[in-house]
Amino acid sequence: MNTMMGLINLEHEHHFFHELTYFRNGASVPFAGRYRLIDFTLSNMVNSNIEEVAVFTRNKYRSLMDHLGTGQNWELDRRNGGLFVLPPDWNDPSDISKGDLQFFHNNRDYFYRGKASYVLISGSQFIANMDYKEAFKYHLERKADVTLISTMIDNEQPEHERCLRIEADDLGWVKNITNNKSNPLLFTGVYIINKDLLMTLVDQCIAHHQDYFFIQGIKENLSGLKVQTYEYKGYSAFINSIESYYRHNMNLLSEKNYKALFYKQPFVRTKVGSYPPATYRSCANVKKSLLANGCVIDGKVEGSILFRGVTIKEGATIKDSIIMQRCTIEPGVYLENVILDKDVHIKANQRFIGSKDKPYVVAKRKEM
Amino acid sequence: MKECVGMLLAGGEGKRLGKLTKEVAKPAVHFGGKYRIIDFTLSNCTNSGIHTLGVMTQYSPLELNKHIGSGKPWDLHRQDGGVTILSPYTAQSGGSWYSGTADAIYQNIHFIDQHDPEYVLVISGDHIYQMDYNALLEEHKQSKADVTISVIPVPWEEASRFGILNTTDDLRIYEFDEKPKKPKSNLASMGIYMFTWKTLKAYLLEDTKNKYSSHDFGKDIIPAMLADDRRLYAYRFKGYWKDVGTVQSYWEANMDLLDEDWRLSLTNKTLMLYSNDSDFPPQFIAETGIVKHSLINSGCWVFGTVEHSVLFQHVVIEEGSYIHQSILHPGVKVGRNSILERVIVMENTEIPEDTFIRIGFDEEPLVIDEENLYEILHEKTGGVI
């Protein structure tokens, strides 16, 4: 049957989020008031009728595991299919595989056993609210071996530097995958591949002692494969650094961007909490901000994003900042261009000011 | 064997809530920006370790059944016990609707006996309060009572609106006065009963034979037990409790949540309040938005001004609008330059631009839905600016 399974491959994602990734991987960095980066691709998969999702993760995954749980928030706690977090096996002496190939190799049975005949592979750092069914339909129509999902960018930003560019002919057949900065057609890191082909290529790569499936199995093997590109045209963001993380959070404070990312049903899903609605007290003064439930606001909040359970006491001012879950800001504090990780406590009458390019980041659970 | 089984009465229509209960049972009415009224009692059970709970439904149960589901938000999705919806049924011996609170329990004796409990807690799903039932159970055991009824002191001038329990100094009940003209005590029954199951069962079996009985706890069972000189005790509850029986009291209870010093708090860490959570994104407060003294749930868009109000999920307030002392249920949209004061707007109602509806302080807050919106706009209470 023509069905897809999902694979979220975090193996080759770099953790360029400094303080934010000290104790978690990039996929579980909190985003937009109540989400984690991984929620977007995971929700897209579920909302595109994918019923089985595997995750490759090698390190700093405690927070990720806690977030994903049994997959229940994505309705992936199923009798058949569902969510599988697949760690690599470090202790097999006969295993010569490396990089993400090690995951494929160690979980070979899992891939053979699944009913789906296609695999949609994605990272976590491309943020969009996208229907993968369209791309899948395209993949089947074009009878491609591989379909790379791409997106056109208007202006080059620092986060695009690490993205691969796609050169294709008029019929969408991919001729080259490069690092050419003048090409605005970016590879989103999301692609669809036929499962049998995937496993064959995996074996080839392992036999050649390779360590990066996409680069060596597909990019350097283009001539031997029928590779198509499907262009995604909606709102999107690449997030792979503190600066891009901050900027794309702030972009959501525009009504247009917020609607484009969130108001397409079905919604992006995440782990739910049991926080009450946000409480605004008499001194609350909130403008141009996103607030999650459980916040208690008695100060000034402007151009900021507040995660669940944040307390802003009377006379505190938060400007252009990102305040994560359960932070407490005491009276008289002034914050501007600041990112506070979870559970930070800022004591009374202090000022912290960062810049837009280099926001001031405070690591988890600090008392300042 | 279970020590205590909870029986939650949730079949009430709540006639005095008017439009609010037109399509849902009273326990399923939206409350507090995110919850439904029944969440308070369901969460109380969770917080008190009562993991076997029967919920008796009757009137318009669809929303209620859907809301409770498997009981997951309250950790009541269990193999052994958990939450069971008990609807009226037919059997070989016939069948009937639940004709009273006691009859509802009587018809489910087999459910209770399955769990073979020592005690049965009878509560109703239409009161707002946060309580640990263990304290009630402890007192019940200590006084070796047949039933312990939770009571709350009410202002003397209001006592004649309640079922008043007259007790001796050691809280033994010797008299039950339903809405007394001249109250002797100000201890009102909260409709929370901890029964010793053996005793209750006997009284239920007896009561059902009585053709003239209304099969009600307050009117029949308790008076019968008093007449037999059974051990009835009162348990004094300290805290917030409100029967949201009327539109006025429903509105007041919501407004009480906005009071910083009030005893009713949604952020109580020991008595957490649980409910179904929605997938709506965080709320969006625009450049032009002003929010003060309010509760706002996720998925809301505020471009106008909101003061002293409760907004449920996915409410949109357009620019130039002013919302004051109002409760807006999920999916309500308020067009530009509208003024709403002291109103309750029902789910998914769209208030057009330039609407003006203001209810005076001495009047009962107005419940608005799509049906009566047009009428209201052409009456004296409201209009087009």
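The values are calculated or read from the model by the stated rules, or taken from the named source; none is laboratory data. Since the model is a prediction, treat every value here as computed from it, not as a measurement. In this analysis, Cβ positions are derived from the backbone assuming ideal geometry, glycine residues included, and neighbour counts consider all displayed protein chains.
Worth pointing out:
- Just so you know, in segment B:243-261 the residues that are surrounded by fewer than 16 Cβ atoms within 10 Å (Cβ to Cβ) and within 14 Å of another protein chain (Cβ to nearest Cβ) include one that is nearest to B:Glu307 (Cα to Cα), and it is B:Asp259.
- Filter result for the condition that a residue is touching a Lys or Arg at 6+ places or on another chain (Cβ under 6 Å), surrounded by fewer than 24 Cβ atoms within 10 Å (Cβ to Cβ) and either more than 20 Å from A:Pro276 (Cβ to Cβ) or at pLDDT 95 or above (or both), over A:Val361, A:Val344, A:Val333: A:Val344
- Residue pairs whose Cβ atoms lie under 8 Å apart, separated by 6 or more positions or on different chains, with the first residue in segment A:257-269 and free of Cβ contacts under 8 Å to residues at least 60 places away in the same chain and the second of a type in the set (Ser, Thr, Tyr), are A:Asn257/A:Tyr235.
- Identity of the residue in segment A:288-312, in contact (Cβ under 8 Å) with a residue 24 or more places away in the chain and more than 25 Å from A:Val272 (Cβ to Cβ), that ends up farthest from the chain's Cα centre (by Cα): A:Gly299
- Check on B:Asn186, under 25 Å from B:Val120 (Cβ atoms) and polar (S, T, N, Q): no
- Within segment B:201-220, the residues that satisfy the criterion of being buried (at least 18 other Cβ atoms within 10 Å of the Cβ) and in a helix (DSSP H, G or I) are B:Tyr203, B:Leu204, B:Asp207, B:Phe217, B:Gly218, B:Asp220.
- Here A:Tyr263 passes the criteria (1) touching an Asp or Glu at 6+ places or on another chain (Cβ under 8 Å); (2) more than 7 Å from every other protein chain (Cβ to nearest Cβ); (3) of a type outside the set (S, T, N, Q) except the one numbered (1).
- Filtered by the rule that a residue be buried (at least 18 other Cβ atoms within 10 Å of the Cβ), under 30 Å from A:Glu159 (Cα atoms) and in contact (Cβ under 8 Å) with a residue 40 or more places away in the chain, segment A:80-101 gives A:Gly99, A:Asp100, A:Leu101.
- Options A:Tyr275, A:Tyr280; residue that is under 30 Å from A:Ile50 (Cα atoms), surrounded by 20 or more Cβ atoms within 10 Å (Cβ to Cβ) and at the interface with another protein chain (Cβ under 10 Å from one of its Cβ atoms): A:Tyr275
- Scan of segment A:14-63 for residues that are buried (at least 21 other Cβ atoms within 10 Å of the Cβ) and of a type in the set (Asp, Glu), ordered by number: A:Asp39, A:Glu52
- Number of positions in segment A:120-149 that are part of a strand (DSSP E or B) and under 17 Å from A:Val227 (Cβ atoms): 7
- Residue pairs meeting the criteria (Cβ under 6 Å; at least 6 apart or on separate chains; first at negative phi, in segment B:209-233; second among the aliphatic types (A, V, I, L, M) and in a loop (DSSP other than H, G, I, E, B)): B:Arg231/B:Ala145; B:Tyr233/B:Ala145; B:Tyr233/B:Leu171
- For segment B:259-304, a residue qualifies if it is within 18 Å of B:Thr46 (Cβ to Cβ) and in contact with a Gly (Cβ under 7 Å, 6 or more places away or on another chain), and the qualifying residues are B:Leu266, B:Asp277.
- Where B:Tyr89 falls short, out of the listed (1) loosely packed, with under 13 Cβ neighbours inside 10 Å; (2) in contact with a helix residue (DSSP H, G or I) (Cβ under 9 Å, 6 or more places away or on another chain); (3) at negative phi: (2)
- In segment B:307-316, the condition of being touching a Phe, Trp or Tyr at 6+ places or on another chain (Cβ under 7 Å), without any contact (Cβ under 8 Å) to a residue 24 or more places away in the chain, at the interface with chain A (Cβ under 8 Å from one of its Cβ atoms) and within 22 Å of B:Asn254 (Cα to Cα) is met by no residue.
- Restricting attention to segment A:41-56, the residues that are within 13 Å of the chain's Cα centre (by Cα) and within 12 Å of another protein chain (Cβ to nearest Cβ) total 1.
- Qualifying residue in segment B:279-293 (condition: at pLDDT 95 or above, facing chain A (nearest Cβ under 7 Å), within 18 Å of B:Gly32 (Cβ to Cβ) and within 21 Å of the chain's Cα centre (by Cα)): no
- Set side by side, the residues A:Leu340, A:Leu291 differ, and just one is under 25 Å from A:Arg247 (Cβ atoms) and at the interface with chain B (Cβ under 8 Å from one of its Cβ atoms), which is A:Leu291.
- Subset of segment B:32-42 (residues that are within 14 Å of chain A (Cβ to nearest Cβ) and out of contact with any strand residue (DSSP E or B) (no Cβ under 7 Å at 6 or more places or on another chain)): B:Lys34, B:Tyr35, B:Asp39, B:Leu42
- Residues that are surrounded by fewer than 20 Cβ atoms within 10 Å (Cβ to Cβ) and more than 30 Å from the chain's Cα centre (by Cα) occur at least once in segment B:319-330.
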